[in-house]
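The values are calculated or read from the model by the stated rules, or taken from the named source; none is laboratory data. What you are looking at is a predicted structure, and each value in this text was computed from that prediction instead of being measured. Cβ sites come from the backbone with ideal geometry, for glycine too, and all protein chains shown count toward neighbours.
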Amino acid sequence: MEDNDELAEAVVERLTAEGHAIDREENGEVANDLLRHKRFDLVLLDINLPGRNGYDILRSLRARRDTTPVLVLTARSEIDDRVIGLDAGADDYLVKPFDFRELSARCRVLARRRSGAASNTVRFGPFTFDRAAKRATVDGRDLELRAREVQLLEVFLGNLGRVLTKEDLADKIYTFEEAPSLNAIEQAIARLRRKTRGSPLVVKTARGLGYIADIVEGEGTGDRVRDGDGETDGDGRDGG
Amino acid sequence: MGARGPRRFSLRRRLLVRMATGFVVIIALAAAALWTYARNAANGTYDLLLNGAALAILERSSVLPGGTTVDIPYSALELLGLAPDDRVFYRIFLDTGVTLTGEPDLPMVGDLVPSTQPRYVDAQWSGEEVRFIFLGRRLPGGGNARWIIAQVGHTRLARDTLERSLTSNGMAMLVFLSLVGLAFVGLGINRALAPLNAIEQDLSKREPTDLTPLAAMPPREVEALISAINGFIQRLALNQEHTQTFIADVAHQTRTALGALQGTLDSASRQNDPEALANRLARAQDQANRTVRLTNQLLAHAMVIHRGENTPLQAMDLVGLARAVLEDTLRHSLSSDLEYGLETASLPKGTAWIAGDPVSLREALRNLLDNAAKHGPQENRVDITLYRDETSDPPVTGLLVEDAGPGIPPDRREAALERFRSLGSEERFRSLGSEERFRSLGSEERFRSLGSEERFRPLGPEGGGRGSGLGLAIVKAVASAHRATLTLGESRLGGLAVDIRFPEATAPEGPGQGPEDLGKGKAKS
């Protein structure tokens, strides 16, 4: 949803060229109705829409328990807005003007997160995780995860793109009877990281802050943006 | 000097009204005093006459074997005749009440004690106010001593005339003095306001662009006002100068950047070789990204300066802010090899309260992180340390951002804080010649780095390329708006260390008051 024609056309052209089907709506009121009646894989939402403010649309979308991923586009650069956007239920944001390569990369990440959440088997490129069997594979090779690592993986997959502190993780994977050990968590994460190396699932540590996991672009989509750090994936494929 | 609306008070009128009221009160009090004084004076004068007449009468009274005789002397009546228009009444009587001569039914005093001291009484008689004297004389008579008492009355015409004339003369003088006083006050006000009028003239005749200080030599009383106005004018002038410099900078920078973009696109449109075309287009895209980043930085710079001048600081926790910014940065740097860390171990209670503007501080921190990411190597490490330094006086709360990048040599650090003076700015300015238009934003270093490798390196959220030369200027503006000291140095990781030390602020009482409680839980490390 975007009311600037040129920007909207450019976005539509870019995403269509990548093989996505796009509906574009420029009026906030109409857009809100559309979201009520139709399901989308991803919503690109401009904040300054005529008719209805983007945040309102987002809030009412979330109030209907609709979990469609939303990427907010905003021209306002004050970061307050970004925070408000994320609080209102946006999954990510981009400040206008943005790099189109960045836009499509973000769109892919959001779409993938969603595909992972929907089914029993999570599949991100060469990485799969079978929730029922608690089995994770990369290129068909079993990662042979231990119970703790599976628990962590489940938590991470449920909180992609969110920073989790060690305490958050401990709360989620230990029961009341167990004595939580932050040390054990660190070790488990280190093992999980080593095992998932080469897959699009990245777990990153920030000292003093916590952990964040997300799906990063992996396969060569002909997109130069990610070629720069394609080494990781290259290594992974070689290894697999 | 603003329009004088009906509700606006006039200094002159207010002062005059107050002075006049004061004078009226003084005149009223003086009149009362004057009237009492005049009455006493008039009574005193004419009471002497009454006393003289009574004495003369009593002197001529004598006790004879046949009784007491009184002889009204002519001198007594002559004495009373000094008040020519007043009527005279008299009665001579004994303390037994027997009237010897005169009018027997003149008003009496109930508690009269015969005495040689005169007693004066005002009473109504024959339709007029009459002043009487009672004066006694003890008559010799062996054991059977007697008092003879003279009662002499006088109407008040002469007394009232004297009283009125004394009062009115005195009042006339007072009123005259008051009027003269008010006139002086009026003149004084005009005189006192004269310097203000001069200022008004000066200001109203000015050209809008004339921001020189007021030339008026102010009297001491309005000196503070004049220097306040001059201070204001000075700030305005400085502000205008900043704005002009800023606009000039923005114009120059954006035109140059857009010019470079145009140039690259023009060059691309003339390429026949697909590979060369792709190369030019990639360069144009890179240039567009730099232009975007430049524009964002320019606006951010303007925003932090504006906020620094207009936004009151609030109590806030730097830990929450740093965590929020870091999480946001982290979310978008997953695919990079950048490592981030937040160190808060030395903080008491794990909080770092300062008086700050969260929006500006976020912008500053974000710029520092961006800088580290853009200028550092691919495998960079950025550490944010929040600390409290108790050893300094007064204790300060500090924000230290360190990276493992190339750093800035000591002799370039000061210049790096200036707007558009990122490393290599000299080269940049030289490069602004027409033949090198599309390098305009870059330094020599950067241009060299625009080889194929650099051009395709991953782009951050705001586009790639090297710094616009504004990142540290933004940080500097934010620091100075917070009265914080900003120091560039070498980090423990070998790169640049940016240290911002905030003056102490007390933490607000009670939890949950921090505007920045955005951190999702506590982190320990």
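Selection of segment B:466-525 for residues being of a type in the set (S, T, N, Q), over 30 Å from B:Q287 (Cα atoms) and at pLDDT below 70 yields B:T506, B:Q513, B:S525.
You will find that of B:P104, B:P118, the residue that is exposed (fewer than 14 other Cβ atoms within 10 Å of the Cβ) and either at pLDDT below 85 or of a type outside the set (S, T, Y) (or both) is B:P104 and no other. For the criterion of being on the phi < 0 side of the Ramachandran plot and more than 34 Å from the chain's Cα centre (by Cα), B:T397 fails.
Taken over segment B:324-347, the criterion of being free of Cβ contacts under 8 Å to residues at least 60 places away in the same chain, among the hydrophobic types (A, V, I, L, M, F, W, C) and within 7 Å of chain A (Cβ to nearest Cβ) is satisfied by B:L326, B:L330, B:L334. In segment A:194-210, the residue that is farthest from B:A345 (Cα to Cα) out of those that are free of Cβ contacts under 8 Å to residues at least 60 places away in the same chain and crowded, with 21+ Cβ neighbours inside 10 Å is A:K204.
Could you run through segment A:146-168 and say how many residues are part of a loop (DSSP other than H, G, I, E, B) and within 14 Å of chain B (Cβ to nearest Cβ)?
Summing the residues that are part of a loop (DSSP other than H, G, I, E, B) and within 14 Å of chain B (Cβ to nearest Cβ) in segment A:146-168 gives 5.
Screening segment B:320-355 for residues that are in contact with a Phe, Trp or Tyr (Cβ under 7 Å, 6 or more places away or on another chain) and outside any helix (DSSP H, G or I) and picking the one that is surrounded by the fewest Cβ atoms within 10 Å (Cβ to Cβ) gives B:S346. Within segment A:31-47, the only residue that satisfies the criterion of being in contact with a helix residue (DSSP H, G or I) (Cβ under 7 Å, 6 or more places away or on another chain) and surrounded by fewer than 16 Cβ atoms within 10 Å (Cβ to Cβ) is A:D41.
Number of residues in segment A:173-193 that are within 14 Å of another protein chain (Cβ to nearest Cβ) and free of Cβ contacts under 8 Å to residues at least 12 places away in the same chain: the value is 4. Within segment B:183-199, track down each residue that is more than 24 Å from the chain's Cα centre (by Cα) and either closer than 23 Å to B:I226 by Cα or among the β-branched types (V, I, T) (or both). Hits for segment B:183-199 are B:V185, B:L187, B:G188, B:N190, B:R191. Here A:R123, A:R108, A:R114, A:R101 are screened, and the one residue that is touching a Pro at 6+ places or on another chain (Cβ under 6 Å), outside any loop (DSSP other than H, G, I, E, B) and either surrounded by fewer than 16 Cβ atoms within 10 Å (Cβ to Cβ) or touching a residue at least 60 places away in the same chain (Cβ under 8 Å) (or both) is A:R114. Is one or more of the residues making up segment B:100-117 touching a residue at least 40 places away in the same chain (Cβ under 8 Å), within 18 Å of B:T45 (Cα to Cα) and either among the charged types (D, E, K, R) or in contact with a strand residue (DSSP E or B) (Cβ under 8 Å, 6 or more places away or on another chain) (or both)? No, segment B:100-117 contains no residue that is touching a residue at least 40 places away in the same chain (Cβ under 8 Å), within 18 Å of B:T45 (Cα to Cα) and either among the charged types (D, E, K, R) or in contact with a strand residue (DSSP E or B) (Cβ under 8 Å, 6 or more places away or on another chain) (or both).
Yes or no, residue by residue, for (1) more than 13 Å from every other protein chain (Cβ to nearest Cβ); (2) in a helix (DSSP H, G or I); (3) modelled with pLDDT under 85:
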position: A:A170; (1), (2), (3): no, yes, no
position: A:K195; (1), (2), (3): yes, yes, no
position: A:G198; (1), (2), (3): yes, no, yes
position: A:V203; (1), (2), (3): no, no, no
position: A:A206; (1), (2), (3): no, no, no
position: A:Y211; (1), (2), (3): no, no, no
position: A:D214; (1), (2), (3): no, no, yes
position: A:G218; (1), (2), (3): no, no, yes
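Quickly run through segment B:391-417 and pick out the residues that are surrounded by 11 or more Cβ atoms within 10 Å (Cβ to Cβ) and within 20 Å of B:S346 (Cα to Cα). Answer for segment B:391-417, where residues must be surrounded by 11 or more Cβ atoms within 10 Å (Cβ to Cβ) and within 20 Å of B:S346 (Cα to Cα): B:S392, B:P395, B:V396, B:T397, B:G398, B:L399, B:L400, B:V401, B:E402, B:D403. Taking A:R135 as the residue in question, decide whether it is at the interface with another protein chain (Cβ under 10 Å from one of its Cβ atoms), surrounded by fewer than 19 Cβ atoms within 10 Å (Cβ to Cβ) and modelled with pLDDT of 85 or more. Taking the combined requirement at face value, the residue does not satisfy it.
Just to be sure before I move on: is B:A373 farther than 30 Å from B:F246 by Cα, in contact (Cβ under 8 Å) with a residue 12 or more places away in the chain and either among the charged types (D, E, K, R) or in a helix (DSSP H, G or I) (or both) in the structure I sent?
no
Give the residues of segment B:291-340 that are under 21 Å from B:F502 (Cα atoms), assigned by TED's automatic domain parsing to the domain that holds B:G495 and touching a Leu at 6+ places or on another chain (Cβ under 9 Å), sorted by residue number. Once the filter is applied, which keeps residues that are under 21 Å from B:F502 (Cα atoms), assigned by TED's automatic domain parsing to the domain that holds B:G495 and touching a Leu at 6+ places or on another chain (Cβ under 9 Å), segment B:291-340 yields B:M316, B:L318, B:V319, B:G320, B:L321, B:A322, B:R323, B:A324, B:V325, B:L326.
Of note, B:H301 does not satisfy the criterion of being within 13 Å of chain A (Cβ to nearest Cβ), closer than 22 Å to B:V475 by Cα and without any contact (Cβ under 8 Å) to a residue 60 or more places away in the chain.
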